[in-house]
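Reviewing the structure listed below.
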2 protein chains.
Amino acid sequence: MRIGAIEAGGTKFVCGIGNENGAIEDRVSFPTEHPEKTLAQVFEYFKDKAVESIGIGSFGPINIDEASSAYGYVTTTPKPGWSGYPFLPAMKQQFDVPMGWDTDVNAAALGEATWGAAAGLDSCVYYTIGTGVGVGVYAEGKLVHGLVHPEGGHVLVRRHPDDEYEGFCPYHGDCLEGLAAGPALQGRWKVPGSELPQDHPAWAMEAYYIGQAVANAVLMLSPKRVILGGGVMHQPQLFPLVRAEVLKALNGYVSSDALAAGIDGYIVPPGLGDNAGLTGALALGLRALGR
Amino acid sequence: MRIGAIEAGGTKFVCGIGNENGAIEDRVSFPTEHPEKTLAQVFEYFKDKAVESIGIGSFGPINIDEASSAYGYVTTTPKPGWSGYPFLPAMKQQFDVPMGWDTDVNAAALGEATWGAAAGLDSCVYYTIGTGVGVGVYAEGKLVHGLVHPEGGHVLVRRHPDDEYEGFCPYHGDCLEGLAAGPALQGRWKVPGSELPQDHPAWAMEAYYIGQAVANAVLMLSPKRVILGGGVMHQPQLFPLVRAEVLKALNGYVSSDALAAGIDGYIVPPGLGDNAGLTGALALGLRALGR
């Protein structure tokens, strides 16, 4: 099979071709500019690829409500030209194949549940913690949409008692994203996270916030796996710290071997690594074919 | 159709007969005692009722993993005799009809989504705020189970700056349940919530906690409706206060008419009132027939 995949990010677009086993056979990447210019490059890439379907995991917020007249549109974004842009309709006008359409983080969650760290499971929560915090939710074998789509990067968390940083989220100040995304590390410690030593107290504080959010997600959703990706999670010392915070927050309340004995296999990095985004879009494309 | 329904609570059992329209035609109730004694009454009630299926919404925690050898068991509970009790297997031994089995709060969420305040919607979150806090989650047309089942009553919330009450949850102290369930009102203000006047500052503080939890649930799950039930929510002044807290916490981030213009129809009391539990069990029984 030849499936098309688009990882539509706010900074760059990645287009690729893959197969039903999750293997990416070809890929290109270009910066995200004005939609007409960007989509012209997408059209050019796919025009002679003879794909059976296309999956698109997009930056957002986007409209993923199939019953809406604005299904497939980007909704509100500061990105020039993209606010209200009919992304999926423009694609459909160009290519007459089934298309899958979801948020970039939901796509990544589906990719991980299909071929990655949650392969074979019918639920997982996927976090990307980088310049922002995004959350994809896969539950009972379905990507969660609901009213709009999950925006779990913006949940409120308890402030660490030693933290005087005000948070950078323009909407909420000190929500999870405002306190734990990359810019918060920079804002709080005055150097980029990547320059902080592994034993710096920054990481315990970072784990305090991420662990709290993950514990609340476990209580609310009871996912079978939690996947933590994104640039900030490239710091390997964070994983044991986050796991310890989650166990501390739950304090034995949720009774499951996966949590008590198997926490190292329960809160994990993405199995698809830096391919999670494009492979997730591939999974959306495959699902659009009913597979 | 004749569907059996069991609302299996920690304090009392309610058994009933209903039909495919959600109407309850008969009901009995008795205190929850040792399982053999309690189930003998259940067996006696249903033995000549000729029901086509039975739905059971049970107090928990319970095992709702169909792949588990302990499917249908109550897991760990301080309730004498019930810890590790094979509730569903005991029922199946007695009655050869399809059975639905889920938590009491998931059952209530399904009942509300079938005939109540979320009728026709494919997602809702149901809270019961009484002697404890329980949460049922219905997403993309399915009740969320996952690893165990949602336990969203125990999420961590930010403490109100004026609150000096330590919280009563034996696991987490000041989680949502520990700070906002009925015993917290009593513990903090030294009188039962039902005796506090409507303009008492207790209610603003109560709404602060509930609103925070609901805002986080909206961010994480994007439900199409949020239903707040249970004894504490019998205080009608709480609804506008909770709605205001949710809007304040979200601060316009989740862009949806349902939140901005329609918050009064988005965060609502149960449509099934005090029948939510039994009617939810009825919905489970109907679903067990593939309806």
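Regarding B:Lys190, is this residue modelled with pLDDT of 95 or more and within 20 Å of the chain's Cα centre (by Cα)? When the stated conditions are applied, B:Lys190 does not pass them.
The condition of being more than 10 Å from chain A (Cβ to nearest Cβ), without any contact (Cβ under 8 Å) to a residue 60 or more places away in the chain and closer than 24 Å to B:Val105 by Cα holds for B:Ala181.
Checked against the criterion of being touching a Lys or Arg at 6+ places or on another chain (Cβ under 7 Å), assigned by TED's automatic domain parsing to the domain that holds A:Gly152 and not hydrophobic (A, V, I, L, M, F, W, C), the candidates A:Gln212, A:Gln186, A:Gln237, A:Gln198 yield just one match: A:Gln212. Is there a residue being buried (at least 23 other Cβ atoms within 10 Å of the Cβ), within 28 Å of B:Ala258 (Cβ to Cβ) and either at pLDDT 95 or above or among the aliphatic types (A, V, I, L, M) (or both) anywhere in the range A:158-171? Taking every residue of the range A:158-171 in turn, none turns out to be buried (at least 23 other Cβ atoms within 10 Å of the Cβ), within 28 Å of B:Ala258 (Cβ to Cβ) and either at pLDDT 95 or above or among the aliphatic types (A, V, I, L, M) (or both).
The criterion of at least 1 residues that are closer than 30 Å to A:Tyr138 by Cα is met by the following helices (runs of 4 or more DSSP H) wholly inside the range B:177-291: B:201-221, B:238-250, B:257-260, B:263-266, B:276-288.
The single condition from (1) more than 12 Å from every other protein chain (Cβ to nearest Cβ); (2) surrounded by fewer than 23 Cβ atoms within 10 Å (Cβ to Cβ); (3) in contact (Cβ under 8 Å) with a residue 12 or more places away in the chain that B:Gly141 fails is (1).
Take the conditions farther than 30 Å from B:Leu121 by Cα and either facing chain A (nearest Cβ under 8 Å) or touching a residue at least 12 places away in the same chain (Cβ under 8 Å) (or both) and apply them to B:Gln198. Does it pass? So B:Gln198 fits the description; yes. Would you say A:Trp115 is aromatic (Phe, Trp, Tyr) and within 24 Å of A:Arg2 (Cα to Cα)? Against the criterion (aromatic (Phe, Trp, Tyr) and within 24 Å of A:Arg2 (Cα to Cα)), A:Trp115 qualifies.
Does any residue in the range A:214-237 that is within 16 Å of A:Leu121 (Cβ to Cβ) and more than 11 Å from chain B (Cβ to nearest Cβ) come within less than 6 Å, Cβ to Cβ, of a residue that is at pLDDT 95 or above and assigned to a helix (DSSP H, G or I) six or more places away or on a different chain, and which pairs are these? Matching pairs, first to second residue: A:Ile227/A:Glu112. Total residues in the range B:118-153 satisfying the condition of being over 16 Å from B:Val232 (Cβ atoms) and either in contact with a Phe, Trp or Tyr (Cβ under 7 Å, 6 or more places away or on another chain) or not hydroxyl-bearing (Ser, Thr, Tyr) (or both): the figure is 23. The numbered conditions (1) modelled with pLDDT under 95; (2) under 30 Å from A:Ala117 (Cβ atoms) are all true for A:Pro80 except (2). Filtered by the rule that a residue be under 10 Å from A:Leu284 (Cα atoms) and either in contact with a Phe, Trp or Tyr (Cβ under 7 Å, 6 or more places away or on another chain) or of a type in the set (D, E, K, R) (or both), the range A:102-116 gives A:Asp102, A:Ala108, A:Leu110. Report, by residue number, each residue of the range B:144-153 that is closer than 25 Å to A:Ala118 by Cα and either among the β-branched types (Val, Ile, Thr) or touching a residue at least 24 places away in the same chain (Cβ under 8 Å) (or both). Correct list: B:Val144, B:His145, B:Val148, B:His149, B:Pro150, B:Glu151, B:Gly152.
Scoring B:Gly167 on the criteria (1) free of Cβ contacts under 8 Å to residues at least 24 places away in the same chain; (2) within 10 Å of another protein chain (Cβ to nearest Cβ); (3) in contact with a strand residue (DSSP E or B) (Cβ under 6 Å, 6 or more places away or on another chain) leaves a single failure, condition (2).
Okay, residues lined up against (1) over 17 Å from the mean Cα position of the chain (by Cα); (2) surrounded by 23 or more Cβ atoms within 10 Å (Cβ to Cβ); (3) more than 22 Å from B:Asp26 (Cβ to Cβ):
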position	(1), (2), (3)
B:Gln41	yes, no, no
B:Asp48	yes, no, no
B:Phe95	yes, no, no
B:Met99	yes, no, no
B:Gly116	no, yes, no
B:Thr131	no, no, yes
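Just name the residue that is nearest to the other protein chains (Cβ to nearest Cβ) out of those in the range A:203-213 that are under 21 Å from B:Leu176 (Cα atoms) and not aromatic (Phe, Trp, Tyr). My answer is A:Gln212. In summary, A:Trp115 fulfils each of the numbered conditions (1) in contact with a Gly (Cβ under 7 Å, 6 or more places away or on another chain); (2) closer than 23 Å to A:His172 by Cα; (3) modelled with pLDDT of 95 or more; (4) not acidic (Asp, Glu) with the single exception of condition (2).
The single condition among (1) of a type in the set (S, T, N, Q); (2) within 14 Å of chain B (Cβ to nearest Cβ); (3) surrounded by 22 or more Cβ atoms within 10 Å (Cβ to Cβ) that A:Ser255 does not meet is (3). When the range B:149-164 is examined, which residues are found to be part of a loop (DSSP other than H, G, I, E, B), out of contact with any Lys or Arg (no Cβ under 6 Å at 6 or more places or on another chain) and either more than 8 Å from chain A (Cβ to nearest Cβ) or closer than 19 Å to A:Glu245 by Cα (or both)? Selection gives B:Glu151, B:Val155, B:Val157, B:Arg159, B:His160, B:Pro161, B:Asp162, B:Asp163, B:Glu164.
The values are calculated or read from the model by the stated rules, or taken from the named source; none is laboratory data. Treat the numbers as computed from the prediction; the structure is a model and nothing was measured. Every residue, glycine as well, gets a Cβ built from its backbone with ideal geometry; the counts of neighbours run over all protein chains shown.
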